[in-house]
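Down below is the structure, laid out as structure tokens.
The values are calculated or read from the model by the stated rules, or taken from the named source; none is laboratory data. The model shown is predicted, which means the values in this text are computed figures rather than measured ones. Positions of Cβ are backbone-derived with ideal geometry, glycine not excepted, and every protein chain shown enters the neighbour counts.
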Amino acid sequence: MKRERIAQMPEKERTLFFLLGHAINEINVLNKLFYLSNQYEASDNWRRHAHLTQGLVLARTLTGKLWEAWKLLTKAYFDTKLSKDYHAKLNEEAKNSLKSLRKYFNRDNLIKTVRNSFSFHYDINEISKLVPEEFNPDELISYMSETNGNTLFYLSEYAVNVALLDSISPGDPAGAMEALIKESSEVVRWFNETAQGIMVAAAEEYLREDDGSVPLEAIDIGPVPVAEEIRLPFFLESTLKPGTTE
């Protein structure tokens, strides 16, 4: 895209355009990693513990980013009144997804609960309500390593995840996990469709070439791995010596 065309975009549109793209990037990276982290063989407890930890760290971060993305839309799209100018320019998919987002976030929801107590905050109150006598003793374990990256205090993660899942669906951890995955996936899709609809509308308005076309170029990225064949490891070994970067 030509710099001068981007520079000519009104400030509110340009800010929204850049930040929506940034939010989509973060959300999609976290969503892919969360999906990959759930693909593992749970033949050993240590493997299950490591991958559960990795998956739920990503899930909590993803839900937190989804909440922040909604706040971005609120501030940079609705509060600025850009929504009045852009709504008619959105395709039907984007309009329907935006409607779903507004309905979801204008009521109590799982993403808000997870974000406020577990994603970006260490909630002392949630953990203090736990009853250790009810913990599964097989889950109260840590894995110590000579490297920080391979050390895992799983007992801490277990306690936090018990509190997290209980805040979603008390007494039903499997149902809570299913709800977490289902709702996060839906909001990821709605946000992608909404944000891309707004960005396409902005591009068509301000970024067309002199001949009226939107600058697009097809590229060949070569063979693409199949997601279901990828395993995202928790335990890693580095060939770099401490303190080096290459």
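Of the residues making up the stretch 7-47, those that are in a helix (DSSP H, G or I) and touching a Phe, Trp or Tyr at 6+ places or on another chain (Cβ under 8 Å) are Q8, E13, L16, A23, I24, I27, W46, R47. Condition check: under 19 Å from M177 (Cα atoms) and touching an Asp or Glu at 6+ places or on another chain (Cβ under 6 Å). Does L66 satisfy that? Criteria not met by L66. No other residue among L130, L165, L152 is touching a strand residue (DSSP E or B) at 6+ places or on another chain (Cβ under 6 Å) and more than 19 Å from N31 (Cβ to Cβ) apart from L152. From the list A94, A59, the one residue that fits, being in contact with a helix residue (DSSP H, G or I) (Cβ under 8 Å, 6 or more places away or on another chain), of a type outside the set (S, T, N, Q), buried (at least 20 other Cβ atoms within 10 Å of the Cβ) and farther than 24 Å from S169 by Cβ, is A94. Of all residues in the stretch 196-212, those that are surrounded by 10 or more Cβ atoms within 10 Å (Cβ to Cβ) and either at pLDDT below 85 or not hydrophobic (A, V, I, L, M, F, W, C) (or both) total 8.
T244 meets each of the listed conditions (1) more than 27 Å from the chain's Cα centre (by Cα); (2) modelled with pLDDT under 85; (3) under 30 Å from I111 (Cα atoms) apart from (3). Considering the stretch 114-146, and only residues there that are in contact with a Ser or Thr (Cβ under 8 Å, 6 or more places away or on another chain), modelled with pLDDT of 85 or more and not small (G, A, S), the residue that is surrounded by the fewest Cβ atoms within 10 Å (Cβ to Cβ) turns out to be M144. Quick check on the stretch 81-88. Is at least one of its residues basic (K, R), closer than 22 Å to F34 by Cα and in a helix (DSSP H, G or I)? No.
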